[in-house]
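Below you'll find the structure, written out as structure tokens, and then a few comments.
The values are calculated or read from the model by the stated rules, or taken from the named source; none is laboratory data. Since we're looking at a predicted model, the values are computed, not measured. As a convention, Cβ positions derive from the backbone with ideal geometry for all residues, glycine included, and neighbour counts pool all protein chains shown. Ligands, DNA and RNA are excluded from the accessible area calculation, which covers all protein heavy atoms including side chains. Shrake-Rupley method; radii C 1.70, N 1.55, O 1.52, S 1.80 Å.
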Amino acid sequence: MKRYNPKEIEPKWQKYWDENGTYVANLDSDKPKYYGFGMFNYPSGAGIHLGHAKNFTIPDILMRYKRQQGFESYSPVGFDSFGLPAENYAIKTGQSPRKTTDDAIDSYRQQYRSMGWSMDWSKEIDTSKPEYYKWTQWCFLQLHKDGLAYQKESMQWWCDQCKTVLADEQVIAGKCWRHDSSDDPFVSKKSLHQWFFKITDYADEILEATDQLDWTPWVKTAQKNWIGRSEGASVKFKLEGLDADGGEIEVFTTAYDTIYGVTFMVLAPEHPLVATYAQHADNFQEVEEYVQTAIRKSDVDREKEKVKTGVPIEGLYAINPINNQKIPVWVADYVLMGYGTGAVMAVPGEDARDYEFAKKYNLPIIYTTEQQEFVDYSDIKSKPKNYKLANSNEFNGMNFSEAKPKILQKIVDEQIGESQVQYKLRDWLISRQRYWGAPIPVIHCSKCGAVPVPEKDLPVELPEINDYHPSGQASSPLAKVTDWVNVDCPECGKQAKRETDTMDGYVCSSWYQFRYLDPHNTDQAWKVDRADKWMPVDFYNGGDHATAHLLYARFFTRFFHNKGLVDTPEPFKQMYFHAKILASDGTFFSKSKGNGIDPLEVINSGYGADALRTYIMFIAPPDIESPWNNDGLPSCYRFINRVWTLVQEFNQSDDKENIKADEILKTVHKAIKKVTKDIEQIKYNTAVAAMMECVNGLYKIKETNLYADRQNWQFALESIVQLMAPFAPHAAEELWHDLGHEDTVHIDHWPEYDESYLAEDKLKLAVQVNGKVRAEIEVATGLTKEEIEKKALSQDNVVAHLDGRLPTKVIYVPNKLVSIVVK
RNA sequence: GGGCGAGUGGCGGAAUUGGUAUACGCGUUCGACUUAAAAUCGAAUGUCCAAAAGACGUGCGGGUUCAAGUCCCGCCUCGCCCACCA
């Protein structure tokens, strides 16, 4: 009998699929489309790990299932290949990033193929190739044309190890997203002239659309939190004292309903008016010192400080415009310049932070609610939502919800402020002072300013260089390549210089969902009708990048939608966020611990890709973190092997009597129903369990019936092979051919179940007495309620437990149980 | 500190959303095949009890219900995300 040997059949079918273009999608097909993939990744020299295996197997199963169902299923593949590791390696060894990246990609191609993923290699993309980044640069120009790409001088996060600036989103708990382990230093700030994308223009649009998305719920919440919209008011406070008379300070507040409780004002140390006014203050020296210390500290250090600090600007007062109260002005680093106006109206009676500050510096406290018993921090935080106002003139006694809009109205009517919306989201900083990225297509001319490179001159290709060290004061190695830097201005023709910064890698991955649809197009980034047909992506899977990447991709897609380049505004219809596989001790895999599992090793050990794929999905639901268990892996190998054995035995069997065995059909149709439903819901673990159960059932049937019922066995085996095909594509293909087929099982072959085979003719019902199961009865489906109850009541053990008493109540739950109640 | 989620056998995890808790698998034990082992096939496996009967059993304590892993109230523990955003 032919034995199951993954080492033999897996390469064989991989070759066959390649040669036959089995997974090459026809993007102009008349079939209904299905478009899905896992977040592409950076090809590192280390090769793929279990995380990659999970990331691509999750969509692969769904894509294969859809392909079998008759969809034109497009699983694209590509590499996000610009990035720092290749460049850092180049600095160390002098090897060009192009070379090391190409080598890594070659090795990835091999590894991806070994996993049996149904990717369309004819449309592969690679973001570091000029054919790709030409269009990344084109995207930049489109945004620039619409005023959404601009330059400004600003303080930015700087990672000393990456030697580049970082976007806010790339700073995680105060550290660089690439250097966030405990021994890495915190990021610092540098003031530089940088390029930004104006994503804030889209904040509202993106935020509003978030709720309707079919995405993993917490990812949606993360998006919303990141945008951080708050509605409030900006209010102007006039200044008095020192030389400030006539000046004013604007504050942003969401709690304008507490405006009668303002007892002081706080400015961020960086606030420009601090320097203006403090110089006249008696305590100028003190303020100056405080400001200098605060500015030197990073935001992170400032946020870490438990105890609030601050200094008054002595002699400077602000006038609360609502009641003309004169209040002191303080400087404190708990107020951040980056949000709102960098100035806060402090209401210690109603705000915990202000309260803490007021207590420490003995500032007055006015409560604006009737509940004045709040005495500490936590009381103020848990302030009830429906309180009544106090100490608020005409609003006293009014309910919070009623007073709030009225106070805003008063602020607006008296022209002391206006309603305003604030976002935590900042514009996206895209400049990177590095070599291995897409050059920003701009030429700086002393006469014409920053001139975009004309589209016809794209791509601005990366020159080959030998020295990859960043050049001097925070600029990219490109700055040293003078014959590349010096060009003529496209507008006036005079000598000018190229921009030497490259783009953040996230720019490349913000639009790849479009390029996948038209990867070889040399005339345009993509054909619009292609995008109209194929967008949005039906299924997008990832296990990382829950905020930044998705936000950026949504921004780009909305922008292109508004430009008429795609008819859908959202890139990803369903976004699935899977959880990590943990090491067997429940901790995370880590390079330093060296406890990683190499998928290729698992495959080559003889278990094969099919067992690995199936097992990864069988351990737990994909969105639950669960530990890897080496001893569990053989379970899925065994399962495949059991199907294999059935097919081989069936083929060799000479039972030709055709004795009917209808339970075969029941067993199989049940599995078809369950597996179909579970795959749709990405509950792959129970789908695998259902297949195992079905195969166990077939083994039982085989014991008595052998293979006598030829026709039903043929159907059963074909069905189970079709069901397992998304999980174990190689074995399924081999068995499909063993069952007499010459086409591939992977296209247009998904079994359908027939509900009529699922009907039971007998039912097992539990019989409970006072809530405890005391007997089990088997009844024919046609019996009436009375007949069933009668049978239940006559069971020996039921009679025993009734102990002569009459039931007070009998409840019959159809198909489930009979519940008898006695007193 | 805020938000969200989770706690079920020795282990990973099921449970049609209020209806026989522990599907499927791992592990363990026993049996078949074998000179033997591996592989394979079969049986058993929540706890207490020799077994049946029974009792107990889904983090802890209450409650609703004929019936609670599932619903309600109060705790405990763990995980993730956000975190001085005015």
I need the Kirkwood Rh of the range A:129-176: take the reciprocal of the average 1/r across all distinct C-alpha pairs and report it in angstrom. 13.0 Å
For A:H49, solvent-accessible area (1.4 Å; no DNA, RNA or ligand), Å²: 100 Å²
Among A:L565, A:L207, A:H730, the residue whose Cα sits farthest towards the positive end of the charge dipole of chain A (+1 at Cβ of Lys and Arg, -1 at Cβ of Asp and Glu, taken about the Cα centre) is A:H730
Just the number, please: carbon plus sulfur as a percent of the accessible area of the range A:712-823, 1.4 Å probe, no ligands or DNA/RNA counted. 50 percent
Tell me, rounded to the nearest percent, the portion of alpha carbon pairs in the range A:152-224 spaced more than 21 Å apart. 46 percent
What order do you get for A:188-196, A:671-679 when each peptide is scored by the mean count of other beta carbon atoms within 10 Å, highest first? A:671-679, A:188-196
Antiparallel bridge percentage (DSSP; both residues within chain A; nearest 5): 75 percent
Between the range A:4-21 and the range A:417-439, how many Å separate their Cα centres? 48 Å
Distance in nm between label sites at A:S401 and A:V773, each 7 Å beyond Cα in the beta-carbon direction? 4.8 nm
So what is the 222 nm mean residue ellipticity for chain A from helices alone, if each DSSP H run of at least 4 adds -39500 (n - 2.57) and you divide by all residues, rounding to the nearest 500 deg cm²/dmol? -11000 deg cm²/dmol
Have a look at the range A:554-608 and give its Rg and Dmax from the Cα atoms, expressed in angstrom. 20.1, 53
Dipole magnitude of the range A:612-678 about its Cα centre (Cβ charges: Lys, Arg +1; Asp, Glu -1), debye to nearest 20: 220 debye
Of A:F514, A:H545, A:C492, farthest towards positive along the dipole that unit charges on Lys, Arg, Asp, Glu beta carbons give chain A: A:H545
DSSP-loop chymotrypsin sites (Phe, Trp or Tyr not before Pro) across the range A:514-615, with at most 13 other Cβ within 10 angstrom: A:F588
Rounded to the nearest whole Å², what accessible area per residue is found for chain A with the 1.4 Å probe? 44 Å²
J(HN,Hα) series, the range A:414-419, from Karplus relation 6.51 cos²θ - 1.76 cosθ + 1.60, nearest Hz, glycine and proline x: 8, 6, 9, x, 8, 6
From the P(r) of the range A:199-250, can you give the percent of Cα pairs sitting at distances over 17 Å? 56 percent
Can you compute the label reach from A:K12? Point 7 Å from Cα along the Cβ direction, backbone N cut-off under 14 Å, restricted to the range A:49-77. none
For a test of the definition: using alpha carbon positions, the gyration tensor, and the 1.5 limit on a/c, classify the range A:658-763 as rounded, prolate or oblate. oblate
I need the peptides A:617-625, A:500-508 ranked by packing, meaning the mean over residues of other C-beta atoms within 10 angstrom, with the highest value on top. A:500-508, A:617-625
If you count, for each residue, the other Cβ atoms within 10 Å and average over each peptide, how do A:11-21, A:728-738 line up from highest to lowest? A:728-738, A:11-21
Considering the dipole of chain A built from charges on the beta carbon (Lys and Arg +1, Asp and Glu -1) around the Cα centre, which of A:L143, A:W534, A:Q69 is farthest to its positive end? A:Q69
Loop only per DSSP, at most 16 neighbouring Cβ atoms within 10 Å: give me the trypsin sites (Lys or Arg not before Pro) in the range A:480-514, ordered by residue number. A:K494
If you roll a 1.4 angstrom probe over the protein chains with everything in place, what fraction of the accessible area of the range A:39-114 belongs to carbon and sulfur, to the nearest %? 52 percent
Figure the gain on full extension for A:Q279 and A:E755 (residue separation times 0.36 nm, minus the Cα-Cα span) and round it to one decimal in nm. 162.9 nm
Shape metrics for the range A:508-664, restricted to C-alpha atoms - Rg then Dmax, Å: 23.0, 69
At q = 0.05, 0.08 1/Å the base-10 log of I(q)/I(0) from the Debye formula over the alpha-carbon atoms of chain A is -0.41, -0.89
Taking R0 as 22 Å and r as the Cβ-Cβ distance between A:N604 and A:Q95, the FRET efficiency 1/(1 + (r/R0)^6), rounded to the nearest 0.05, comes to 0.20
Determine the shape class of the range A:170-271: with a ≥ b ≥ c the square roots of the Cα gyration tensor eigenvalues, call it rounded for a/c under 1.5, and otherwise prolate if a/b is greater than b/c, oblate otherwise. oblate
Taking R0 as 45 Å, what's the FRET efficiency between A:D655 and A:S122 from their Cβ-Cβ distance, rounded to 0.05? 0.50
Please compute the Kirkwood hydrodynamic radius over the range A:756-823, one decimal place, Å, based on all pairs of different Cα atoms. 12.2 Å
By its C-alpha gyration tensor, with a ≥ b ≥ c as the square roots of the eigenvalues, how is the range A:1-47 shaped: rounded for a/c under 1.5, else prolate for a/b larger than b/c, else oblate? oblate
Sequence-distant aspartates and glutamates (8 or more away, or on other chains) whose Cα lies within less than 15 Å of A:K238: A:E248, A:E250, A:E414
A:K580-A:N815 pseudo-label distance in nm [points 7 Å out on the Cα-to-Cβ vector]: 4.3 nm
Length released on extending from A:D211 to A:N20, taking residue separation times 0.36 nm less the Cα-Cα span: 64.5 nm
Using a Förster radius of 45 Å, what is the FRET efficiency between A:K456 and A:L336 based on their Cβ-Cβ separation? Nearest 0.05, please. 0.50
